[in-house]
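*Asks:* Input: one structure, supplied below.
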Amino acid sequence: MESNETLQQAMAGNINAFQTLFADFQQPLKSYLYRLLTDRNDVDDLTHDTFIKAFDKIATFRGESSLKTWVFRIATNLAYDHLRKLKRWPANAQDQGAALAIGNRDISGTFRVVHQHYPAGAYDMMEHIDFCFTCIAKTLPIENQVALILKDMYDFSVKEICQILDKSEGVVKHLLNDARGTMTEIFDHRCALVNKNGVCDQCSQLNGIFNPKQDQQEQRMKLELVKASGRFNRDALFELRARLVKAIDPLQSSGADLQDIIMRCTRTSIGEVKDFFDPDPMMQLPGREKS
């Protein structure tokens, strides 16, 4: 809970007090926005815009929700304004991204540079499952995507999601059920980790590329998702996948730089980014200075 004294100072216009409160949930907010936007620059911009707008309106905060929920509502509205200008992702967006990388040596070469030389360039299958979850979530209508991520990734209650989306409890529950059902159906047909007939085995393929000395079967069997695939139905497997993804911060994981550059390739392949190298995506990665 936010300090009442600090909150009162913030509401009186003390920006340092507000910064103290904002810092308590800034990183979860940024990772939430990344799952929605999949672009680090947009995340930084919207986080800044959220801070400015929330501070500007802090005097109107009535305590009907936590400050965190109130700020997430502001951030969600800003993200919604951004996302509604874009098309929903196709379910095979990752396939299109893989085809682009395979067909373009410069892009695939960039993957290797990031993997070999950047501090968060490691490859881990669990982190790619998180990447996959984000891609599949972006096939959903925006409100379904928001409700699912807030509930299953960031532990917001249905009541809090109602406040963030300005929807009734019945509507939010419907959004959640519909989102989970759609994603479960897509995973059931696509993911070779949980279904031997799945058309996508990208996580294992990338593990073989970036960790060539690591036994792929050993890596796969480390995942509880794989161990459980023969024992649980697909709804339970979705819940297991969600718990796995929830434990990963896509902006601070050991492979965040590598997964981000793979994400940019995916966004390029579906036309959301016009040119993979314009602006140079490597410029956005830590450890490389702009010329």
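Taken together, the values in this text are just the output of simple stated rules run on the coordinates, not laboratory data. Everything numeric in this text was worked out from a predicted model, so none of it was measured. Cβ coordinates were reconstructed from backbone atoms using ideal geometry, including for glycine residues, and neighbour counts include every protein chain displayed.
*Asks:* Rounded, prolate or oblate: pick one for the stretch 191-259, where a ≥ b ≥ c are the square roots of the eigenvalues of its C-alpha gyration tensor, a/c under 1.5 means rounded, and failing that, prolate if a/b is larger than b/c, else oblate.
*Replies:* Details: a/c = 1.97, a/b = 1.22, b/c = 1.62.
Oblate is the answer for the stretch 191-259, as a/c is 1.5 or above yet b/c matches or exceeds a/b.
*Asks:* While we're on this one: Set the Förster radius R0 to 25 Å, insert the Cβ-Cβ distance between GLN8 and HIS48 as r into 1/(1 + (r/R0)^6), and round the FRET efficiency to 0.05.
*Replies:* Details: r = 25 Å, r/R0 = 0.98.
Calculated value: 0.55.
*Asks:* OK, next. Taking the Cα centroid of the stretch 59-129 and of the stretch 42-56, what is the distance between the two, rounded to the nearest whole Å?
*Replies:* 17
*Asks:* Right, another one. Taking R0 as 45 Å, what FRET efficiency do you get between ASN77 and GLN217 from their Cβ-Cβ distance, rounded to the nearest 0.05?
*Replies:* About 0.50, to the nearest 0.05.
*Asks:* A follow-up question, please. Ignoring everything except DSSP H segments at least 4 long, calculate the 222 nm mean residue ellipticity for the chain; use -39,500 (n - 2.57) per segment, divide by total residues, nearest 500.
*Replies:* Values: 16 runs with 189 residues, N = 291.
Calculated from helices alone, the mean residue ellipticity at 222 nm is -20000 deg cm²/dmol.
*Asks:* Among GLU127, GLU64, GLU239, which comes first, second and so on when ranked by fewest other beta-carbon atoms within 10 Å?
*Replies:* Listing GLU127, GLU64, GLU239 from fewest to most nearby Cβ atoms yields GLU64, GLU239, GLU127.
*Asks:* Also: Using a 10 Å cut-off around each Cβ, can you sort HIS117, HIS128 from fewest to most neighbouring Cβ atoms? Spell out each step's value before the answer.
*Replies:* Details: HIS117 13, HIS128 22.
Least crowded to most crowded, the residues run HIS117, HIS128.
*Asks:* Now for a different question. Treating only the Cβ atoms of Lys and Arg (+1) and Asp and Glu (-1) as charged, compute the dipole magnitude of the stretch 66-197 about its Cα centre; round to the nearest 20 debye.
*Replies:* Details: 16 positive and 15 negative charges, 55 e Å.
About 260 debye.
*Asks:* Taking R0 as 35 Å, what FRET efficiency do you get between ASP278 and GLN19 from their Cβ-Cβ distance, rounded to the nearest 0.05?
*Replies:* Here the calculated transfer efficiency is 0.50.
*Asks:* Right, next: If amide H atoms are built 1.01 Å from N in the plane of the peptide, which residues on other chains or at least 5 residues away come under 5 Å of the amide H of CYS191?
*Replies:* VAL199, CYS200
*Asks:* Taking the beta-carbon count within 10 Å as an exposure proxy, list LYS68, LYS87 from fewest neighbours to most. It would help to have the intermediate numbers written out before the result.
*Replies:* Details: LYS68 19, LYS87 10.
Placing the least packed residue first, the sequence is LYS87, LYS68.
*Asks:* Turning to a different aspect of this structure: If you average the sequence gap of Cα pairs under 8 Å that are 6 or more apart and divide by the length of the chain, what percent do you get for the contact order? Walk me through the numbers on the way to the answer.
*Replies:* Working: 320 pairs, mean separation 71.1, N = 291.
Value for the chain: 24 percent.
*Asks:* Something else: Can you give the charge dipole size of the stretch 181-223 about its Cα centre, rounded to the nearest 20 debye, using +1 on the beta carbon of Lys and Arg and -1 on the beta carbon of Asp and Glu? Walk me through the numbers on the way to the answer.
*Replies:* Details: 5 positive and 5 negative charges, 23 e Å.
For the stretch 181-223, the charge dipole is close to 120 debye.
*Asks:* If the only charges are +1 at each Lys and Arg Cβ and -1 at each Asp and Glu Cβ, what is the size of the charge dipole of the stretch 93-276 around the Cα centre, to the nearest 20 debye?
*Replies:* Working: 22 positive and 25 negative charges, 71 e Å.
Dipole of the stretch 93-276, to the nearest 20 debye: 340 debye.
*Asks:* What share of Cα pairs, in percent, lie more than 14 angstrom apart in the stretch 87-157?
*Replies:* 71
*Asks:* Once Cα extents along the principal axes in Å is worked out from the coordinates, which option in [x] 58, 52, 33; [y] 57, 46, 38; [z] 68, 40, 33 does it equal?
*Replies:* Of the labelled values, this structure produces [x].
*Asks:* Say we join alpha carbon atoms closer than 10 Å with springs in a Gaussian network model of the chain; which of PHE55, PHE72, PHE131 then has the biggest fluctuation?
*Replies:* PHE55
*Asks:* Let me ask another. Top mean-square fluctuation among LEU148, LEU33, LEU86, Gaussian network model of the chain, C-alpha springs under 10 Å?
*Replies:* Between LEU148, LEU33, LEU86, it is LEU86 that shows the largest mean-square fluctuation.
*Asks:* Classify the stretch 141-291 as rounded, prolate or oblate, taking a ≥ b ≥ c as the square roots of the eigenvalues of its Cα gyration tensor: rounded when a/c is under 1.5, otherwise prolate if a/b is larger than b/c and oblate if not. The partial results should precede the final answer.
*Replies:* Working: a/c = 1.97, a/b = 1.17, b/c = 1.69.
Because a/c hits 1.5 or more and a/b fails to exceed b/c, the stretch 141-291 counts as oblate.
*Asks:* Can you tell me the length gained on complete extension of the stretch ASN177 to THR60, counting 0.36 nm per residue apart and subtracting the Cα distance?
*Replies:* Values: separation 117, 0.36 × 117 = 42.12 nm, distance 3.31 nm.
Extra length from ASN177 to THR60 when fully extended: 38.8 nm.
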